[in-house]
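First the structure, in the form of structure tokens, and then the observations on it.
Throughout, read-outs are computed from the coordinates displayed, never taken from laboratory work. As the structure is a computational prediction, the values presented were derived from the model and not from experiment.
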Amino acid sequence: MARDYYEILGVSRDSSKEEIKRAYRRLARKYHPDVNKEPGAEERFKEINRAYEVLSDSELKARYDRFGEAGLGGAAAAASGFQDFAGMGGFADIFESFFTNFAGVGAGYGRSRNGPVRGDDLRFDLKLEFLEAIFGGEKQIRISHLEVCNVCGGSGAKPGTEVKICPTCGGAGQVRRATRTPFGNFTQVSVCPTCGGSGQVLEEPCYNCNGEGLAQTTKKLRINIPAGVDSGTRLRVSGEGDAGRRGGPPGDLYVYLFVEPDPDFQRDGLTILSEVRVSYLQAILGAKVSVPTLDSKAGLEEEVELTIPAGSQPGTVLTLEGKGVPRIGNPMSRGDHKITLVVEIPTRISSEERELLLRLAELHGERINKRDGFLGGLLRGLAQMPGNREREEE
């Protein structure tokens, strides 16, 4: 039995679209095959993608909530009294779909199913570097899709040959068989076995597309990546899916983005998070230090001079306003860059430094172990603070 989509994403049924999106991004980063090499990670990643595709679409989500998995295959539409008539070729076909299956009714409305058919949509997964997602730009990709055959022009017939009306159904695309029963005469309508419902047959199929009218080709595309995208963002490229049949419009290409992590920065929505290491003296006395930003790492500006206030504590967060992630659609509006201070405590000091620190400890009335090879109780306590303990172990 298929797992519940809400359970897969770890969200409740009343979760907002933003909550569903955040849950998807978190899981996509964790289980992406390029990041997670554990057995089963790829299948889990596919599950997560399928769940997000359904729950992020208001219409699909409503059908899933009402009918479950069955509602996504058309069962929900039938059960609710509606039917999807996309691609049926207009009102006459809809009329026929209701009435030609009944005895004698609609017998004069037969019509071939050879109208234009829209091409299929395609999906392409694109990996971006962290800064590419932040600042956007242009990416070139290669896709394989169906295009109208350049030999037969989409007719499916070998050049110099003809497309003829099907001799079995006379171009209707359907065959009817009358059956006499004790209750009267009934007419059964079925798809023509000769032409498959198209109403036409090829004198000789095209050698390039084997009579399909479409051929598989690979092409290069340039995709414009907006600034501020993140893992899970979906871009729609109109008309770049598979070509339509019998003159139908092409489908669309959907590009799903996956962003690689960065060693220096983390992202939380529009906010960028990073750390800066300072000495205990800089934290006590205050200082000015140069820190990397998104712009400096991208080569757009120099590193920013950050002011460390005197008396700063380990874990203090300082903010660079407007140095975060650009807002999609409005790159002039940006989030903030929050920098956490990590205070470094030295593990070895010179004798002169030790004497100065001992005098400082005495001025503050600190009780210390003078035989310690380190700085005594004051600095020993600082060294045990989160972040500094890891530094000492290194």
Response to the item:
Any lysines whose Cα falls less than 21 Å from that of residue 288, other than same-chain ones fewer than 8 residues away, would be 297, 323, 338
Item to complete: List, in order, the whole-Hz ³J(HN,Hα) value for each residue of the range 191-201 obtained from phi through the Karplus relation with A = 6.51, B = -1.76, C = 1.60 and θ = phi - 60°; use x for Gly and Pro.
Response: 5, 4, x, 7, 9, x, x, 7, x, 9, 10
Fill in: Eligible lysines near residue 220 by straight Cα distance, threshold 23 Å, same-chain separation 8 or greater
127, 139
Worksheet item: How compact and how long is the range 1-58, expressed as Rg and Dmax of its alpha-carbon atoms in Å?
Response: 11.1, 33
Worksheet item: Residue-wise, which Karplus ³J(HN,Hα) couplings in Hz belong to the range 39-45, taking 6.51 cos²θ - 1.76 cosθ + 1.60, θ = phi - 60°, and x for glycine or proline?
Response: x, x, 5, 5, 5, 4, 5
Worksheet item: Straight-line reach from residue 17: which lysines have Cα under 23 Å away, leaving out those fewer than 8 places along the same chain?
Response: 30, 46, 61
